[in-house]
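Structure, as structure tokens:
The values are calculated or read from the model by the stated rules, or taken from the named source; none is laboratory data. Only a predicted model underlies this, so the values are computations on that prediction, with no experimental measurement involved. Counting neighbours? That spans all protein chains shown, and the Cβs are built from the backbone with ideal geometry, glycine included.
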Amino acid sequence: MTIEGFDYKTFAQNLQEQAGQLVPLDFNEAESNYVVNTLLNFATIAGEALYNDTELKFNSEQAMVITQIIAEWSFHKSVDLVRSKLPQEFWDPIMQKIAFTIFEIAKQAFKQSLPQDQVLQLVEHHVKKTYLDAIAELKQKNLIDNELMELAASQSNIDVMMQEQIQQEQISQEQIAQGQTVPQQGIQQPADYNGTNMPRQNVPAQAADPKVLKLATLALLFQKMKQDKVQTILNKFSPDDAHSVIKFMGMHDLEQKVDAQAAMRCLQEIKTNLPNSKTLSPGKIINKMQNISQYFDKSQLEQLLSTERPKVKRFVFNALEGEYYEIAPKVANIVATHIEDSV
């Protein structure tokens, strides 16, 4: 059964064209071609697999989101590999591991109907882990030395682009005061693509500016929250920003007017800026895991975790025994939430 409205070939080609405008200027032609062709290759493969899938039955929107996540991470990690100075013979095998990991994690996350911000967090965690594990494996096999391993491991194009975005926002805020707007950068869904119900034309004109898009995305989240919690958060905003969020919240068709793909990219950064009243202590996470265990037996958990990394499995089963396996609390909480949502 194919997915109606999902032209994966055209979608992958559009993503490739947009990525071509974002390749670092210091890359030579061969390096630039590697980045955009790697993105096209994995986006096309993933799109075709989703298009022909007969079990998961994703709709066109879900298929496009998964394909775009693979495309964006293919772009970032291929840039990292070019800058890593690793021999090119290692690039494709590493990218294959990363693309496969993203595809499996994203499919399972969407199958479990996880919130999109959690999907992005899970994917980012597993992408970074797969990348670092692949580099460590090269060192273990004595194919690279310590210096090259450290250089490769330190590369993170997504962090570089985030820093550039922050700087761009500072500039755009000055331009907003002068009545100007700044086009949003990033791999965007093409405006003339008709295979989706969330075309770029639906974005409010102001949302071309990154800051306004974030405020609109916050408004979408706040529409689903209790008013007292919303007010607590808004009290920490500047009066102008709070007024803008309230104005967006009053738009009954906001969800249709804000581009879903662009909003997704804002969620990760927005989440880090929101007040967090809950401390992710190991004890709380262990209690959370033990509460979940009443709904699963060991065989069911093993099946659920069959695609996970060994450290994730060790964390889960150690937590059930009341022991905390040392992984970052934020990551541990994501894993626990993922299992909790699978109940």
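Annotations for the structure displayed:
- Candidates ILE70, ILE94, ILE102, filtered to the one that is under 23 Å from LEU143 (Cα atoms), part of a helix (DSSP H, G or I) and modelled with pLDDT of 90 or more: ILE94
- Checking every residue in the range 275-293 against the condition of being modelled with pLDDT under 70, of a type in the set (Ser, Thr, Tyr) and in a helix (DSSP H, G or I) gives zero matches.
- Criterion (in contact (Cβ under 8 Å) with a residue 24 or more places away in the chain and farther than 16 Å from LEU122 by Cβ) met by exactly one of GLN290, GLN300: GLN290
One line per residue, one yes/no per condition, for (1) more than 23 Å from GLY5 (Cβ to Cβ); (2) buried (at least 23 other Cβ atoms within 10 Å of the Cβ); (3) of a type outside the set (Ser, Thr, Tyr):
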{"residue": "GLU61", "(1), (2), (3)": "no, no, yes"}
{"residue": "MET64", "(1), (2), (3)": "no, yes, yes"}
{"residue": "TRP73", "(1), (2), (3)": "yes, yes, yes"}
{"residue": "LYS97", "(1), (2), (3)": "yes, no, yes"}
{"residue": "PHE110", "(1), (2), (3)": "no, no, yes"}
{"residue": "SER113", "(1), (2), (3)": "no, no, no"}
{"residue": "GLU124", "(1), (2), (3)": "yes, no, yes"}
{"residue": "GLU137", "(1), (2), (3)": "yes, no, yes"}
{"residue": "GLN140", "(1), (2), (3)": "yes, no, yes"}
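- Of all residues in the range 29-59 being of a type in the set (Asp, Glu) and not in a helix (DSSP H, G or I), the one that is surrounded by the most Cβ atoms within 10 Å (Cβ to Cβ): ASP53
- Number of the exception - ILE270 against (1) loosely packed, with under 13 Cβ neighbours inside 10 Å; (2) modelled with pLDDT under 70; (3) part of a helix (DSSP H, G or I): (1)
- Members of the range 1-28 that are within 17 Å of ILE66 (Cα to Cα) and not in a helix (DSSP H, G or I): THR2, ILE3, GLU4, GLY5, PHE6, ASP7
- Condition broken by LEU114, with the remaining ones in (1) within 18 Å of the chain's Cα centre (by Cα); (2) in a helix (DSSP H, G or I); (3) in contact (Cβ under 8 Å) with a residue 12 or more places away in the chain satisfied: (2)
- Some residue of the range 147-160 being crowded, with 19+ Cβ neighbours inside 10 Å, out of contact with any strand residue (DSSP E or B) (no Cβ under 9 Å at 6 or more places or on another chain), of a type outside the set (A, V, I, L, M) and not in a loop (DSSP other than H, G, I, E, B): yes
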